[in-house]
């Protein structure tokens, strides 16, 4: 998928690289939830977070916004699982014709985690899935 990045996004990615030595593949400035979402290269998540979340706190102080990170995965299912973490995702129902994907979680409590406060996690999933794979996240279902 083609992704457009502006000057601010590039600057934020460079800040992350300088502070954490981790590589970000993409950066999204989400004004609705006042946060910055980083998509971190697979294997660099430990560097990005730091000991006990130290790097995230430092980055939030420098940028003045809430920071969220998602580890990239080449497989669409792995990437979606990383987005919804810590909710336990057990299955995906993908329709390639309509480009929609439903997510099935293990417990009812995981539905709330997958949706997030005021829908923040599901919106993050919709944005990232559309941006990276061209799919629309449709529903969160319980097994």
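The values are calculated or read from the model by the stated rules, or taken from the named source; none is laboratory data. The structure presented is a predicted model; accordingly, all values stated were derived computationally and were not measured. Note: ideal-geometry Cβ built from the backbone for every residue, glycine included; neighbour counts use all protein chains shown.
Summary table
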read-out	value
Qualifying residue in the stretch 59-76 (condition: assigned to a helix (DSSP H, G or I) and within 13 Å of the chain's Cα centre (by Cα))	yes
Candidates 4, 14, 34, filtered to the one that is under 15 Å from the mean Cα position of the chain (by Cα) and loosely packed, with under 14 Cβ neighbours inside 10 Å	34
Residue within the stretch 99-112 that is within 18 Å of residue 128 (Cα to Cα), in the same structural domain as residue 125 (by TED's automatic domain parsing) and assigned to a helix (DSSP H, G or I) present	no
The listed residue being more than 23 Å from residue 117 (Cα to Cα), assigned to a loop (DSSP other than H, G, I, E, B) and modelled with pLDDT of 90 or more, out of 42, 8	42
